[in-house]
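To keep things clear, I will list the structure first and then write my remarks on it.
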Amino acid sequence: MSLVGVDTGGTFTDLVLFQDGRLHLAKVSTTRPSAAPGVLRGLEKLGPRAPFELALGTTVGTNAFLERRGARTALITTAGFADLLELGRGTRPDLYALVPRKAEPLTRHTLEVHERVAANGEVLEPLRLPEEFPLEGIESVAVCLLFSFLRPEHELAVAEALPGLPVSLSHQVCGEMREYERASTTVLNAYLQPVLGRYLEELDRELARRGCRKFFVVHSAGAVMSAAEASQRAVAAVLSGPAAGVHGAFEVARQAGFPAIVTLDMGGTSTDVSLCPGEVAYTAEGELEQLPVRQLMIDVHTVGAGGGSLAWLDDGGVLRVGPESAGSDPGPAAYGRGERATVTDALLVLERMPSVLAGGEITVDPARSRQALERLGLGEAREAARHVLAVAEAHMERALRVISLERGFDPARFTLVPFGGAGPLFACSLAEKLGMPRVLVPLYPGVLSALGALVAPWMREFAVSRQQLWGPETFDACQPLFAELEERARVAMGSRLRFQRFADLRYRGQGFELTVPFTPDLRTAFERRHKRRYGYARPDYTLELVTLRLRARRPRPRPRFSAAPVQERPLQGMRFERARLQPGDCFAGPARIEQLDCTTYLADGWKARVDAHQNLILEPPLQ
């Protein structure tokens, strides 16, 4: 069966097809308001042979959240907890702001039901349902009752009383402790579920007509779930595209012999960075615009600096870049419709990019870029362009430091893997500033997120919260709980599963925990990670178990790529076509390497070589 991977970004929709042992690429403009026509147009360009399997990385849910285009949602909660979303954790997002601005809840339509479950699962007050819930105008409902992850019967009874509406139950969406985070995640799922569901239903219909037999959606952990499951678990897909890219980058780098990497995914709207210390790094503590999201996801840090990020002067005359983006419409000034300068315009003026992009999909106009940059009032166009790129690079450098140095990792021990439409254009400069020893540019960096979707495994995490002190007998006492989680996994995902066990632990009295592999030597693993994260460990302190986690995986068919023989061949020149480079080719910068999906800029003094897997290995001076 032919395999198709798709990534819908803010500017472009990228597609890869693996058929008859070869990869085929397509890059088309993302369509709005629905991304489906763009995906279908890309499929027409690729022409996959039926039947085929398709895995989709999508920003539909993310964009619906960012633009506040989700469903009108109501929250039903335990009596006395109606202010749960407004109160949150009571923290100040900006410590020194005189008038702090907290995130606006996705709903203020909150209803209460009389019931109460204790922290040990005991029912203190039976559920009393009203004769009717006032839900006029409501399109989706989130139900989050106190400690429902221990006793879900009350939430299930509420769902039965709400016929005709999509309902998200907190014990199913996020079945673990912390009431505010669980409520926030459940409301977000209810808010996005109708929007993502309609999009996937429309796309599923059209794909079936074209011979698609299996339709998957990438979720935030970089793995896939069925489109039907994604329609119900919309919150799991909020970082769909970035997660697929990290997974694809790690697979490419591991195959090349560099498993310790930092990824740099620069698209049209934002830049996403992630650190993989020999394995993909996950977290269950995500956040979207200050709203907590408790879902397993690849640990990605995002900044608003992309190729389409707008350059502008603030009220003090200081140059800013982003977070507002020109998107795909009108796009950068060079695309012919926009008037304002973007990062892409600065790259064009400095001749780091060609004048034809995406295999002829877009022809750019550098003259419009020069005019837009001069309107900033920062001098002539090239001087303004250098300033714009310096600000954009500063945003990305700060993001890379957050995920490395601020977490106890030395960037000098990692390889930088840039991808996305613009990542390889900034890689040399950023690696040099952080003292990184090399840059690995994959064979198809511009569509790596689509390739990551194509090779992603089928994986889900199942969790159960059981708060108790850790003792000699606790390890054995947890085995029945893991057995229950494994049975839940088999019901949801079928057979042939591989399991990984984890536990959330903390020192007694701490407010937050760390996730470590569940082994007999669990304390050693916890204290090693605690020391790396916080700078100390206390072997004399009592440990507390909070949550058990089970990750279930099932492999998917995946393409197999073989290494080519390497024969060293020095080259010279300022411009290279990536398609003509062979394993063993080597050359020095400054140079521009062009290909259909992306352009790579090799800085002055840097050296490049093509490895056996056709990756570009870039090394700084004095290596």
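Once the Cα atoms are used to define both axes, helix 179-209 deviates from the longest principal axis of the chain by about 60 degrees. Check each of the GluC sites (Glu not before Pro) in the range 262-314 and keep only those in coil by DSSP with at most 14 other C-beta atoms within 10 angstrom; list them in order. Filter output for the range 262-314: GLU279, GLU289. Only beta bridges with both residues in the chain are counted; by DSSP, about 70 percent of them are antiparallel.
Just the protein heavy atoms count here, and of the accessible area of the range 177-276 at 1.4 Å, carbon and sulfur take up 50 percent. Of all the accessible heavy-atom surface of the range 89-138, with the other protein chains kept in place and a 1.4 Å probe, what percent is carbon and sulfur? Ligands and nucleic acids excluded, carbon and sulfur reach 50 percent. In the calculated pair-distance distribution of the range 22-138, the portion above 21 angstrom amounts to 66 percent of the Cα-Cα pairs. Entry for the range 117-239 at q = 0.11, 0.15, 0.19 Å⁻¹: log10 I(q)/I(0) = -0.45, -0.76, -1.06, Debye formula applied to identical alpha-carbon scatterers, no solvent contribution. Across all directions, the average flat footprint of the convex hull enclosing the Cα atoms of the range 281-391 is 8.9 nm². Every Cα-Cα pair in the range 241-331 was counted, and those over 19 Å apart are 52% of them. In the range 440-500, the C-alpha radius of gyration followed by the widest Cα-Cα span (Dmax) gives 18.2, 51 angstrom. If you roll a 1.4 Å probe over the range 353-453 with all protein chains in place, what percent of the accessible area is carbon or sulfur? With neighbouring chains kept in place, the figure for the range 353-453 is 49 percent. By the equivalent-ellipsoid construction on the alpha carbon gyration tensor, the range 519-595 comes out with semi-axes of 50, 22, 12 Å, ordered largest to smallest.
If only the Cβ of Lys and Arg carry +1 and only the Cβ of Asp and Glu carry -1, the dipole of the chain around its Cα centre is close to 1580 debye. With the convex hull of its Cα atoms as the shape, the range 290-353 has an orientation-averaged projected area of 6.7 nm². A value for Cα extents along the principal axes in Å was derived from the coordinates, and within the list [x] 98, 75, 46; [y] 77, 59, 54; [z] 108, 73, 47 it appears as [y]. The three principal axes of the Cα atoms in the range 475-531 give end-to-end lengths of 39, 20, 19 Å, sorted in falling order.
Rolling a 1.4 Å probe across the protein heavy atoms gives the chain an accessible surface of 43 Å² per residue. The long axis of helix 240-256 is offset from the longest Cα principal axis of the chain by roughly 60 degrees. Here, the range 110-177 is characterised by an Rg to Rh ratio of 0.95, where Rg is the alpha-carbon radius of gyration and Rh the Kirkwood radius. Charged side chains reduced to their Cβ positions (Lys and Arg at +1, Asp and Glu at -1) give the range 23-174 a dipole of some 1080 debye around its Cα centre. Spin-label model, GLU486/ASP314: points 7 Å from Cα along the beta carbon direction are separated by 5.5 nm.
Hey, with R₀ at 30 Å, roughly what FRET efficiency would ALA367 and ARG41 work out to, going by the Cβ-Cβ distance, to 0.05? Here the calculated transfer efficiency is 0.55. Both radii were evaluated on the Cα set of the range 158-313; the Rg over Rh quotient, with Rh as the Kirkwood radius, amounts to 1.01.
Using +1 at the C-beta of Lys and Arg and -1 at the C-beta of Asp and Glu, which of THR283, PRO134, ALA260 has the Cα lying farthest in the positive direction of the dipole of the chain? Checking the options against the dipole of the chain, the answer is ALA260.
The values are calculated or read from the model by the stated rules, or taken from the named source; none is laboratory data. Since the structure is predicted, the reported quantities are computational estimates derived from the model, not experimental observations. Every residue, glycine among them, receives a Cβ derived from its backbone with ideal geometry; neighbour counts consider all protein chains shown. Ligands, DNA and RNA are excluded from the accessible area calculation, which covers all protein heavy atoms including side chains. Shrake-Rupley method; radii C 1.70, N 1.55, O 1.52, S 1.80 Å.
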